[in-house]
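Undergrad: Let me begin by handing over the structure; questions about it come next.
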Amino acid sequence: MKDTMTRATTHDFVAKLNHDYERLHTQKEDAFWKAYMGNAADPAAARAELDRLEIELSEFLRDPARLASVRDEIARAEATLDGAEESGKPSGEDLTALSGWLATFEAHVIDSAEARALADEIVAAEGALALARGKLQLDYTDENGTVVECGMTKLGALMSTSSHEAVRRSAWDGLRRIEPYVLQNGFLEVVRLRNRLGRMLGAEDYYDWKVRRVEGISKAEIFERLDDLEAQTRATARKSIDDLLAQRGADAVKPWNLRFVVAGDLTKEQDPYFPFARALDRWARSFAALGIFYNDAELVLDLVDRKGKYENGFMHGPVPAWREDGRWRPARIQFTANAIPGQVGVGRRATETLFHEGGHAAHFANIDMPAPCFAQEFAPSSVAMAETQSMFLDSLLGDPDWQARYAHTLDGEPMPHELILKGIEIAQPLAAWNIRAMCAVCYAERALYEIPDSELTAERVLRELRAVEERLLFLDGGSPRPTLAVPHLLSGESSAYYHGYVLAEMAVQQTRAFFRARDGYLVDNPRIGPDLREHYWRQGNALTFFDFVENLTGAPLTARAMAGDANRSVAEALSEARADLQRAALKPRADVAIDLGAKLRVVHGRETIAELGAAGFEPFERAFAQWIRRLESTG
């Protein structure tokens, strides 16, 4: 170890760990934001600085001597519990902190110097891959034959909204170009290195090693659960594609056409009721009515797309929330979206991002434990647990009573019930298929790491990915979203991660079913925020994902609620929606003051757009709305 740890007291020992870690974590996360937001004048230098700080943090977490010192300190502290005077005994908070540090180091420590060197090599290779990916300029050909440069976000949106099949095909081809590009620019070597590390550390492959470290269970156990879900959704999903083929013809089930054929007109019809300019207002009012409070956290939001910015929404917490000697240390949390003002569907997508990433932020802002290791989003923090929070809250946007209450035009006109029900009628037939679209990413990534090194070529990888996509989605040609266009697979921290979304969706549906059974409703239910805070958020990563879910819902996690929801008939879904609308009409909207307990700031790169001040939420929200309207008016 490079530093000497003080052994004077358990409290001193814990305090040094807490502060050493917090400093390294914050440095790395601030560098992450700078590099990923495209805020640096020199992107290569910013990426190199991020890689350096990530290696420094990793060395701290992977050091076997540090793990040994924590074990020694636990033994020393426990030995004093029976014999020492009360004043000489370690506090309960310090013992809890030590348990958190033990779990954290056990999730990260690599005993072998050779393996630690390999892990550093992987960080460098991933950094080079990220730089190469950032240089790929995507584009599509519009309806006039003009080649238009754009980002991945716009290509995906065009497949859902463009009325021109040639444009949708061009957008899909644009996404497909990502795959051979990354395979030719370092991803194959990253996969080889990752697999070598996983096997060196005793796992079947990298995927198996990663999930054991993060979720505490094996790859085989993860896929036992996914196999059960796949079996329960197979018939319904297969029927949805067969019905679409019979009703709309073969073109309807081409990967670039499917989402537009199913919902293109609906997206346009509902678009006026989700004005982007009011997205902050919808988020804040809805969360306030749920009783969600951010515990004095500082939230920084960067919501609009621009060149050089990472092409996927995320939340990171540079400053973890924790309690030091009884004093609250609030979090600093940053999250991002890639909204394109003026694009059809952008207001709905921006609202989903605010609910999703704002759900992550609420989770991490409310962790109240005596060490920062409980409140960081990496191992041993469960991916599935983190995604449950965000996905539970963004699930509300699809609820008919939420849409009736919050989906309004700029003039305040609510979405008609007929249009709300039309959305249910269109979405329900593909609900099981959409679950399988998430599962396809997981099965494809598993297949990627199971290819023998001697056979790991670009051609073999693409063949495996297409086979999984076609088997899971029943579409000739593969997925509307090509697997390697999913950025999680390329990045080290989010690789072998996507199954967390599927497990989280199981927990989301089980959690929704629990609240509906207990309270009868979800939207504006003021008991939800306090219950999430107490049962899901407060303890951070002190429990496993499966324990947390059972503690709140009273039952072990299963796919039953998720599959049951997806396999409903359209008639059943419409009947439930009408009942929700009738109940909501009898219960007036709660007049709740907007106080989320957060310091809010909206930025665009290095520019501050709006900041919450003493005047309150309304002028803050108004400044954001005016900025969005200006962007929309200038195209």
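Undergrad: So which residues in the stretch 481-492 are open to solvent by 10 Å² or more (accessible area, probe 1.4 Å), in a loop (DSSP other than H, G, I, E, B) and of a type outside the set (A, V, I, L, M)? First the steps, then the outcome.
TA: If we filter the stretch 481-492 for residues that are open to solvent by 10 Å² or more (accessible area, probe 1.4 Å), which is where we start, we get 481, 487-488, 490-492.
Subset that is in a loop (DSSP other than H, G, I, E, B): 481, 490-492.
Within the stretch 481-492, R481, S491, G492 meet the criteria.
Undergrad: Would you check which residues across the stretch 599-616 are modelled with pLDDT of 95 or more and within 25 Å of N295 (Cα to Cα) and list them?
TA: The answer is K599, L600, R601, V602, V603, H604, T608, I609, A610, E611, L612.
Undergrad: Among the listed residues Q389, Q403, which satisfies the condition of being out of contact with any Ser or Thr (no Cβ under 7 Å at 6 or more places or on another chain), closer than 23 Å to F223 by Cα and open to solvent by less than 20 Å² (accessible area, probe 1.4 Å)?
TA: Numbers: Q403 fails: closer than 23 Å to F223 by Cα.
None of the others qualify; the one that does is Q389.
Undergrad: Given the condition crowded, with 24+ Cβ neighbours inside 10 Å, of a type in the set (S, T, N, Q), touching a residue at least 12 places away in the same chain (Cβ under 8 Å) and part of a helix (DSSP H, G or I), answer yes or no: does some residue in the stretch 493-509 qualify?
TA: no
Undergrad: So, one more: Among the residues of the stretch 221-261, how many are under 25 Å from D208 (Cβ atoms), open to solvent by 60 Å² or more (accessible area, probe 1.4 Å) and in contact with an Asp or Glu (Cβ under 9 Å, 6 or more places away or on another chain)?
TA: Of the residues in that region, 1 qualify.
Undergrad: Please verify whether A107 is within 30 Å of S218 (Cα to Cα) and either out of contact with any Leu (no Cβ under 7 Å at 6 or more places or on another chain) or at pLDDT 95 or above (or both), treating the condition exactly as stated.
TA: Yes: the conditions hold for A107.
Undergrad: Output the number of the condition that E418 fails; it satisfies all remaining conditions of (1) surrounded by fewer than 21 Cβ atoms within 10 Å (Cβ to Cβ); (2) of a type outside the set (K, R); (3) under 22 Å from E572 (Cβ atoms); (4) in contact (Cβ under 8 Å) with a residue 60 or more places away in the chain.
TA: Going through the list (1) surrounded by fewer than 21 Cβ atoms within 10 Å (Cβ to Cβ); (2) of a type outside the set (K, R); (3) under 22 Å from E572 (Cβ atoms); (4) in contact (Cβ under 8 Å) with a residue 60 or more places away in the chain, E418 breaks only (4).
Undergrad: Also, quick follow-up: Among the residues of the stretch 151-159, are any free of Cβ contacts under 8 Å to residues at least 24 places away in the same chain and open to solvent by 40 Å² or more (accessible area, probe 1.4 Å)?
TA: Here is the first cut: in the stretch 151-159, the ones free of Cβ contacts under 8 Å to residues at least 24 places away in the same chain are 155, 158.
Subset that is open to solvent by 40 Å² or more (accessible area, probe 1.4 Å): none.
There is no residue in the stretch 151-159 that is free of Cβ contacts under 8 Å to residues at least 24 places away in the same chain and open to solvent by 40 Å² or more (accessible area, probe 1.4 Å).
Undergrad: Could you please find all residues in the stretch 460-473 being surrounded by 19 or more Cβ atoms within 10 Å (Cβ to Cβ) and in contact (Cβ under 8 Å) with a residue 40 or more places away in the chain?
TA: Those that are surrounded by 19 or more Cβ atoms within 10 Å (Cβ to Cβ) and in contact (Cβ under 8 Å) with a residue 40 or more places away in the chain: V461, L465, L472, L473.
Undergrad: Quick one: D519 ticks every box in (1) touching a residue at least 12 places away in the same chain (Cβ under 8 Å); (2) more than 17 Å from the chain's Cα centre (by Cα) except a single one, so which number is it?
TA: (1)
Undergrad: Exactly one condition in (1) part of a helix (DSSP H, G or I); (2) under 30 Å from A427 (Cβ atoms); (3) in contact (Cβ under 8 Å) with a residue 60 or more places away in the chain is false for R568; which is it?
TA: (1)
Undergrad: Okay, moving on. Has the stretch 557-564 got at least one residue that is part of a loop (DSSP other than H, G, I, E, B), closer than 30 Å to V502 by Cα and touching a Leu at 6+ places or on another chain (Cβ under 9 Å)?
TA: Step one: of the stretch 557-564, the residues part of a loop (DSSP other than H, G, I, E, B) are 557-559.
Next, only the ones that are closer than 30 Å to V502 by Cα stay: 557-559.
Okay, now just the ones that are also touching a Leu at 6+ places or on another chain (Cβ under 9 Å), so 557, 559.
Scanning the stretch 557-564 turns up at least one residue that is part of a loop (DSSP other than H, G, I, E, B), closer than 30 Å to V502 by Cα and touching a Leu at 6+ places or on another chain (Cβ under 9 Å).
Undergrad: Tell me whether the stretch 590-603 contains one or more residues that are in a helix (DSSP H, G or I), out of contact with any strand residue (DSSP E or B) (no Cβ under 6 Å at 6 or more places or on another chain) and crowded, with 18+ Cβ neighbours inside 10 Å. Give the derivation first.
TA: Start the filter on the stretch 590-603 by keeping residues that are in a helix (DSSP H, G or I), which leaves none.
Looking for residues that are in a helix (DSSP H, G or I), out of contact with any strand residue (DSSP E or B) (no Cβ under 6 Å at 6 or more places or on another chain) and crowded, with 18+ Cβ neighbours inside 10 Å, one finds none in the stretch 590-603, hence no.
Undergrad: Specify which of the listed residues (G347, G342) is over 18 Å from the mean Cα position of the chain (by Cα) and open to solvent by 20 Å² or more (accessible area, probe 1.4 Å). Lay out the reasoning, then the answer.
TA: Working: G347 fails: open to solvent by 20 Å² or more (accessible area, probe 1.4 Å).
Only one candidate passes the filter, namely G342.
Undergrad: Here is a check on your reading of the model: is T457 of a type outside the set (D, E, K, R) and open to solvent by 10 Å² or more (accessible area, probe 1.4 Å)?
TA: Values: of a type outside the set (D, E, K, R): yes; open to solvent by 10 Å² or more (accessible area, probe 1.4 Å): yes.
It is true that T457 is of a type outside the set (D, E, K, R) and open to solvent by 10 Å² or more (accessible area, probe 1.4 Å).
Undergrad: Which of the residues that make up the stretch 510-529 are open to solvent by 10 Å² or more (accessible area, probe 1.4 Å) and assigned to a helix (DSSP H, G or I)?
TA: Q510, R512, A513, F514, R516, A517, R518, D519
The values are calculated or read from the model by the stated rules, or taken from the named source; none is laboratory data. In this text the structure is predicted, and so the values were computed from the model without any measurement. With ideal geometry, Cβ positions are generated from the backbone for all residues, glycine too; neighbour counts draw on all protein chains shown. Please note that ligands, DNA and RNA were not included when accessible areas were found on the heavy atoms of the full protein model with its side chains. Shrake-Rupley method; radii C 1.70, N 1.55, O 1.52, S 1.80 Å.
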